[in-house]
Amino acid sequence: MSIILALALRPTDVNVPQFERLYDGYMTLYDGISIVTPSDVDMGRVDLLRSYDRVRVLNGAAGVENRRYRTLQQALEFEDVAAVHYCDGDHALNRFERDPDDWHMTVDAIRDVDCLIIGRTQAVFESYPPALYETERIINDVVSHLLGQRVDLGSGARGFSRAAAEYIIAQDSPASHPVAVDAAWPVMLDTAGFTVGTVLSNGAYYDVSNEATRQRLESKTQWIKRVEMAREIIAAGIRAAEGRYGA
Amino acid sequence: MSETSIVVAAAWAPRGELARLQRYYPRLQQIYTHMSVSVPKDADADVISALQALPNTSIVYYEGWSGRHLVVEDALNAGTTHIQYIDMDRLIRWVETRPDELQQVAERVQSVDCLTVGRTPAAYQTHPRPLVETEALPNATFSQWFGQQMDFCAGSKGLSQAAAEFVLAHSPRDVALRMDVEWLVLVHRAGLTWDYVEADGLDWETADRFKDWAATSAEQAALAATHADDPAEWALRVQVARDILLCGLNAVDMDL
């Protein structure tokens, strides 16, 4: 069974060396890695990532583009893909490095369902700043109701069977809102009859690096941003439940 | 068509509105046959004695945050065909600023088992951004559930006697926010009739506190801007929105 790791990643002088350190470990789990970067990145770093045999890197288009969609699409271009493990880029690196056993557990669970929602344990979720924690709880409440099972959607990680990934690519587009897919893709798949399941991970702790960051994360601006994101995600989930999301 | 009658049921945490209530009570008497009011058990004696002096008014006393359920229960004793529940501070502003519209809505309450009264876009815009943005979450979710775009969170519902009895039989009294969405979900699930109307008179009432007259639009805007700048207000409103949502989702799943 061929599993591809799909990342949306902004390459930096921190995470590219981290990727190089982790590459051999990833290759014990995956048959390839799909990476989509923003357009405005150092192409030297992109070329470095491209130098790995089993890595495909797409330097994304300028402007607004759903890189989650693009990396999933690129992952399906590998040969004999059975499943895709999507994760937001920096999270993928940090989680795998910090707790490889937990990461292995989530990869094993991808085989069980068409759409695996990799959520956070309660202890991990409670490590998040209030504006994220409180707004994501609302998203989880609504979408859990839509799906008929308790899920945590905010960890930026999913597993998809090939059929589920192909369905997403056919129904959605790179113009869709990147955070809206948090709810839209699982609900859309559930509505279409794919199996949806969940597993809780310990890997996604939220580290507040310093006091300035803490203040930023507790500011009015952060609340506004997070409430708006919650509105976007919930609205997309509702549209998906009504069959009005995507194409 | 059978004859209808209406009582107003108002939960009140007094914040300097008494004089305005006394001033506009004659207008309320022209609309409603009776007024039921719930006030906190520790409300000022002056407020209680003033309420006792109002004709056709009954008073019940609540502990905790709000007496919404309690005052509807009391209103059933008035023997009218319909009850209009409304938060007292909103009722006073509405009857002061737009009495004709209040009367029209009260008449419409009597045409259906449950009338949800929402805010017009103009009325909604007078509210602080944290409230508007967060209430959009339960409003969007349950508008989808009902198949109609509605504002559930404006603090007023019309109930027939049958609807009120059903709501009180199934709505736990621990959380006042059950009124916003849960009551309508219960009425809908009971197979009773419901409708929706929007009112300008439900513009933002909080700026009225401790004022002799309803706040002007400039006063509303100034206070709304203060709220919008306060992260704690955002946190509070997110929590309120979640509680409204959870009450509604609970009603969707509740065994009836």
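Taking square-rooted eigenvalues a ≥ b ≥ c of the alpha carbon gyration tensor, is chain B rounded, prolate or oblate, where a/c under 1.5 means rounded and, failing that, a/b exceeding b/c means prolate?
rounded
In the protein assembly as shown, what % of DSSP beta bridges are antiparallel (nearest 5)? Numbers along the way, then the final one.
On the way: 16 of 60 bridges.
Around 25 percent of the beta bridges assigned by DSSP in the protein assembly as shown are antiparallel ones.
Measuring from centroid to centroid over Cα atoms, what is the spacing of the stretch B:227-256 and the stretch A:110-124 in Å?
26 Å
Among the aspartates and glutamates, which fall within straight-line cross-link reach of residue B:41, defined as a Cα-Cα distance under 14 Å, with same-chain neighbours fewer than 8 residues apart omitted?
Hits, sequence-local ones excluded: B:63.
Could you work out how far the C-alpha centroid of the stretch B:12-43 sits from that of the stretch A:15-32, in angstrom?
For the stretch B:12-43 versus the stretch A:15-32, the Cα centre distance is 69 Å.
Rounded to the nearest 0.05, what FRET efficiency is calculated for residue A:242 and residue A:41 with R0 set to 30 Å and r the Cβ-Cβ distance?
Working: r = 37 Å, r/R0 = 1.25.
Rounded to the nearest 0.05, the efficiency is 0.20.
How much net charge surrounds residue B:121 when only other residues with a Cβ under 12 Å from its Cβ are counted (Lys, Arg +1; Asp, Glu -1)?
Neighbour charge sum, excluding residue B:121 itself: -3.
Averaged over its residues, how many other protein chain Cβ atoms are within 10 Å of peptide B:224-237's Cβ atoms?
That works out to 3 on average.
What are the ³J(HN,Hα) couplings of the stretch A:45-56, residue after residue, when phi is run through the Karplus curve with 6.51, -1.76, 1.60 and θ = phi - 60°? Round to Hz, x for glycine and proline.
Values per residue, Gly and Pro as x: 5, 4, 4, 4, 5, 5, 6, 7, 4, 9, 10, 10 Hz.
Per residue of A:28-37, how many C-beta atoms from partner chains lie within 10 Å of its own C-beta, taken as a mean? Can you show the working numbers first?
Values: counts 0, 0, 0, 0, 0, 0, 0, 0, 0, 0.
Mean inter-chain Cβ contacts per residue within 10 Å come to 0.
Compute the distance from the alpha-carbon center of the stretch A:135-155 to that of the stretch A:160-231, in whole Å.
So the separation of the two Cα centres works out to 10 Å.
For chain B, list the DSSP H helices whose alpha carbon atoms reach 27 Å or more along the long axis and whose average Kyte-Doolittle value is -1.0 or above?
Values: long enough: B:231-253 (33 Å, 0.55).
Qualifying helices: B:231-253.
By how many nm would the segment from residue A:53 to residue A:210 grow when fully extended, if each residue of separation counts as 0.36 nm and the alpha-carbon distance is taken off? Each step should come with its number before you reach the end.
On the way: separation 157, 0.36 × 157 = 56.52 nm, distance 3.78 nm.
Extra length from residue A:53 to residue A:210 when fully extended: 52.7 nm.
Just the number, please: percent antiparallel of the DSSP beta bridges in the stretch B:6-253, rounded to the nearest 5.
Working: 8 of 29 bridges.
In the stretch B:6-253, approximately 30 percent of DSSP beta bridges are antiparallel ones.
Using a basic spin-label model with each label point 7 Å from the Cα along Cα→Cβ, how many nm lie between residue B:217 and residue B:174?
About 4.4 nm separates the two model spin labels.
From a point 7 Å beyond the Cα of residue B:56 in the direction of its Cβ, which residues of the stretch B:186-228 have a backbone N at a distance under 11 Å?
Within reach of a label on residue B:56: no residues.
Just in the stretch B:3-93: which chymotrypsin sites (Phe, Trp or Tyr not before Pro) are loop by DSSP and have at most 16 other Cβ atoms within 10 Å?
In loop regions of the stretch B:3-93 (DSSP not H, G, I, E or B), the sparsely surrounded chymotrypsin sites (Phe, Trp or Tyr not before Pro) are B:65.
Suppose we keep just the DSSP beta bridges with both residues in chain A; what percent of those would be antiparallel, to 5?
Values: 8 of 31 bridges.
Percent antiparallel among DSSP bridges in chain A is about 25.
Please give the average number of partner chain Cβ atoms lying within 10 Å of the Cβ of each residue in A:221-229, rounded to a whole number.
Values: counts 2, 2, 13, 6, 0, 2, 11, 2, 0.
Partner-chain Cβ atoms within 10 Å, mean over residues of A:221-229: 4.
Given labels modelled 7 Å from the Cα in the Cβ direction, how far is it in nm from residue A:163 to residue B:226?
Using points 7 Å along Cα→Cβ, the separation is 6.0 nm.
Report, by chain and number, residues whose modeled amide H sits under 5 Å from the one on residue A:151, excluding near sequence neighbours (fewer than 5 apart, same chain).
Close amide H contacts, sequence-distant or interchain: A:144.
Computed from the coordinates by the stated procedures, all read-outs in this text should not be read as laboratory data. What you see is a predicted model, and the numbers here were worked out from it, not measured in a lab. For neighbour counting, all protein chains shown are included, and Cβ atoms are generated from backbone atoms with ideal geometry for every residue, glycine included.
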